[in-house]
Amino acid sequence: MRLLVTSATGANGNGYGALLAFDDGGRPLGIFSNDARIADPRGLAVERETGLLFLNSGADRILAFDLHGKIIRDTGPIKGLNPGGGIFGPDGRYYVGLRSARTIMAFSSALDDGGEYTLPLDIVPFPRGFAFGRDGRLLLASGIGPNGEGDDTIVAIAPGGRILSPRFVRDRELSPLDLLIAPNGNIIVCSERPFGAPDAITTVREYDSNDGRLVRVLSPNGRAEFRRPRGLRFAPDGHLYCVAQDEVVSFDYESGLCLGAIVRFPRLNGQALAFF
């Protein structure tokens, strides 16, 4: 199984603008696909049924790859899409955070439709990752955007789009960059506060999914640099991985201990990762 990481470029960071592959020991395997439709790649997700890898391209399109790096599905350019992260929802559709529209759009897994807005435009100042809870709620991280505006919280949204809580999490130390649901149902968020500051405090924070209470804080504890954390994913072995500047950092989720940098790669500037 390979670890794939999207490396940002342009306004998102001085990275490689490519989808990079690493083996299970963290050794670089090169670029996963050289297709020109990959530009400033962002979110990644694997569709369980087909085993295809979905990638959000900065060229305003969504692509799906097979194991050999061949593009199998392509939305084609969608004007103004500007996609961020992506996940598969309970209904099998592919959900994508939109950076400019500040909302979420859902696509059929076949990528044969134009997508559907599932939430109102500008629902948060800047979407920074989202996931579906076990009860069907959508937990949307509301963070700080490139313009410095934002509210640093998590919004809880009912099926159908009704906002249950505009500030489900009240944590003065939180500035979210990505969000996912842990195997126990809790909410996991990587945080950089103040966002973009050279001396920012970077952590992974866990919240109770029932009341938004802070459960614990995971920190690198000197085992990794852990600068500019972005995408989060659980590995098949149950460990928690977070891509960051120049590295991918792993945590033992059960104990909360940092296992160190699994990948060290100059100018990585990762945005998302997936095990494929």
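One table, with the values for the structure above:
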{"item": "Members of segment 96-117 found to be in contact with a Phe, Trp or Tyr (Cβ under 7 Å, 6 or more places away or on another chain) and open to solvent by 10 Å² or more (accessible area, probe 1.4 Å), listed by number", "result": "102, 105, 109, 113, 115"}
{"item": "Within segment 173-211, tally of residues that are open to solvent by less than 10 Å² (accessible area, probe 1.4 Å), in a loop (DSSP other than H, G, I, E, B) and in contact with a Lys or Arg (Cβ under 7 Å, 6 or more places away or on another chain)", "result": "4"}
{"item": "Boolean, residue 87 is open to solvent by 10 Å² or more (accessible area, probe 1.4 Å), touching a Phe, Trp or Tyr at 6+ places or on another chain (Cβ under 9 Å) and closer than 20 Å to residue 242 by Cβ", "result": "yes"}
{"item": "Hits in segment 216-234 (condition: assigned to a loop (DSSP other than H, G, I, E, B) and open to solvent by less than 40 Å² (accessible area, probe 1.4 Å))", "result": "219, 220, 224, 226, 229, 230, 231"}
{"item": "Selection from segment 132-155 of residues that are at negative phi, in a strand (DSSP E or B), surrounded by fewer than 23 Cβ atoms within 10 Å (Cβ to Cβ) and touching a residue at least 40 places away in the same chain (Cβ under 8 Å)", "result": "132, 144"}
{"item": "Counted residues, segment 91-120 - those being under 16 Å from residue 156 (Cα atoms) and assigned to a loop (DSSP other than H, G, I, E, B)", "result": "4"}
{"item": "Qualifying residues in segment 235-276 (those that are in contact with a strand residue (DSSP E or B) (Cβ under 7 Å, 6 or more places away or on another chain) and among the acidic types (Asp, Glu)) - the one most open to solvent (accessible area, probe 1.4 Å)", "result": "246"}
{"item": "Output for segment 1-15, where each listed residue is crowded, with 20+ Cβ neighbours inside 10 Å and more than 29 Å from residue 90 (Cα to Cα)", "result": "12, 15"}
{"item": "Residues (closer than 17 Å to residue 264 by Cβ, assigned to a strand (DSSP E or B) and either touching a helix residue (DSSP H, G or I) at 6+ places or on another chain (Cβ under 7 Å) or open to solvent by 10 Å² or more (accessible area, probe 1.4 Å) (or both)) located in segment 21-62", "result": "28, 29, 30"}
{"item": "Odd one out for residue 84, checked against (1) farther than 19 Å from residue 6 by Cβ; (2) small (Gly, Ala, Ser); (3) in contact (Cβ under 8 Å) with a residue 40 or more places away in the chain", "result": "(1)"}
{"item": "Residues of segment 156-168 classified as open to solvent by less than 50 Å² (accessible area, probe 1.4 Å) and at pLDDT 95 or above, total", "result": "5"}
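The values are calculated or read from the model by the stated rules, or taken from the named source; none is laboratory data. On a predicted model such as this, the values are computed, not experimentally measured, just so you know. Positions of Cβ are backbone-derived with ideal geometry, glycine not excepted, and every protein chain shown enters the neighbour counts. What goes into the accessible areas is simple: the full protein's heavy atoms, side chains included, and nothing from ligands, DNA or RNA. Shrake-Rupley method; radii C 1.70, N 1.55, O 1.52, S 1.80 Å.
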